[in-house]
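I have placed the structure first, in the form of structure tokens, so that the comments after it can refer back to it.
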Amino acid sequence: MSTTVEWIAQELNCPAKGNQRLEIHGAESVLKAGPHDITFVGDELNLKRLKSSNAGAVIVEKRLEESYQKAFESAPFTSLTVEDAQAAFIKIFQKLRPQRSLPDVGISPQADISDQVTIGENCHIYPRVTIRPGVQIGNNCRIYPGAYIGDDCVLGDDVTIHANVVLYPDVKIANRALIHASAVLGCDGFGYRFEQGRYSKIPHLGSVRIEDDVEIGAGTTIDRGMIGATVIGEGTKIDNQVMIAHNCEIGKHNAFASQVGFAGSITTGDYVRCAGQVGIADHVHVGDQATLGARAGVHRDIPPGEVHIGTPAAPEKEQRKIVMSIRKVPEMRKQIREMENHIKELTQRFEELQTQQTNDKSALT
């Protein structure tokens, strides 16, 4: 799709300066944008990068307008000023490059659907989907090819289940949830008893409950509870290849990056953030608004609002001091070796002096 700056200004309901008839063919980041692309500046860093940009038009955040005008007095770009540059850019980007999805199919005759299933209005269920008895599906849901919905699962309204997702029996998903390809919800937890020299499986008879507006990434696995439910709180966003074990209870509006791993019975407060590859031991609680840095290894409760990094995880300031100390170890080792050599020399000289004094006394007698 191609358009003009004038049309973009109308869509954003904002003023534009420069060539409003400029044709816009695409939207790109600051350094990749060409003469017929639009980009955006929402921070000081991208404002500096803009000096090396070939963009034709730029969306500027209002708080940066004065800095932008000082930096570009000659007005090389056609500019549009808005309150939130990133949000405006996303809106225009979606217009220029609309997402493509499979056409509406209603309920495909090639889907294997039990006659004991309740399906709401305006749902689209694609070929090779399997839906087992007792399933309830709300309105406006989409279930893409290859998905498996186990016995007695419940889906709310506006739920999207992408290709090859597996829902084990008794998984409950609330409204507006988005489950990406190959995620697995409700498999058995990793629980065993060691008896008479071998492992015996502990039955996991609980369930999984996904609350409103949750997004779950591709290849993510969420185990069912051993007793009760594993719960993912409202508004939580989970990246690809995340592992959440049995009986975890995740609070509202958490955000977990790729390859985070939660052991069993972990609880979190609201607005908790975990960067990539964070690992948390079982029965730990992470408080409201806590942040865990990449690869943090967590073995004890995290107080609300704190930032912890490293393994074992510790408060950020404390961990940085430790890291800085470790970096000094090679220099300290060198200094210690120099001190050891110096002490050795002093010891040798002292012994020589003692020997000389002894010899002098013998000569006098």
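The values are calculated or read from the model by the stated rules, or taken from the named source; none is laboratory data. Small disclaimer: the values here were computed from a predicted structure and weren't measured. So basically every Cβ, Gly included, is an ideal-geometry build from the backbone, and we count neighbours across all protein chains shown.
Quick notes on this one:
- Criterion applied to Asn175, Asn140 was being in the same structural domain as Gln241 (by TED's automatic domain parsing), within 26 Å of Gly235 (Cα to Cα) and either in a loop (DSSP other than H, G, I, E, B) or at pLDDT below 95 (or both), and the one residue passing it is Asn175.
- On inspection, Pro76 does not qualify as assigned to a loop (DSSP other than H, G, I, E, B) and outside the structural domain of Gly34 (by TED's automatic domain parsing).
- Restricting segment 253-300 to residues that are of a type in the set (S, T, N, Q) and closer than 15 Å to Pro312 by Cα, the residue that is surrounded by the fewest Cβ atoms within 10 Å (Cβ to Cβ): Gln277
- Number of the condition not met by Met1 [criteria: (1) farther than 30 Å from His162 by Cβ; (2) in contact with a Lys or Arg (Cβ under 8 Å, 6 or more places away or on another chain); (3) assigned to a loop (DSSP other than H, G, I, E, B)]: (1)
- Residues that are surrounded by fewer than 19 Cβ atoms within 10 Å (Cβ to Cβ) and under 20 Å from Pro304 (Cβ atoms), drawn from segment 238-252: Glu249
- The set of residues in segment 147-157 being in a loop (DSSP other than H, G, I, E, B) and either surrounded by 18 or more Cβ atoms within 10 Å (Cβ to Cβ) or on the phi < 0 side of the Ramachandran plot (or both) consists of Ala147, Gly150, Asp151, Cys153, Gly156, Asp157.
- When segment 1-45 is limited to residues that are surrounded by 20 or more Cβ atoms within 10 Å (Cβ to Cβ) and free of Cβ contacts under 8 Å to residues at least 40 places away in the same chain, the one that is farthest from the chain's Cα centre (by Cα) turns out to be Asp37.
- From the list Asp112, Asp151, the lone residue that is out of contact with any strand residue (DSSP E or B) (no Cβ under 7 Å at 6 or more places or on another chain), among the charged types (D, E, K, R) and not assigned by TED's automatic domain parsing to the domain that holds Asp239 is Asp151.
- Among all positions in segment 228-239, there is at least one residue which is modelled with pLDDT under 95, in contact with a Gly (Cβ under 9 Å, 6 or more places away or on another chain) and assigned by TED's automatic domain parsing to the domain that holds Ile179.
- Enumeration of residues in segment 122-159 that are out of contact with any Phe, Trp or Tyr (no Cβ under 7 Å at 6 or more places or on another chain) and under 14 Å from Val184 (Cα atoms): Gly146, Ala147, Tyr148, Ile149, Cys153
- Residue that is farthest from the chain's Cα centre (by Cα), among those in segment 46-77 that are more than 14 Å from Val30 (Cα to Cα) and among the polar types (S, T, N, Q): Ser74
- Test: residue in segment 71-80 that is among the charged types (D, E, K, R) and surrounded by fewer than 14 Cβ atoms within 10 Å (Cβ to Cβ): yes
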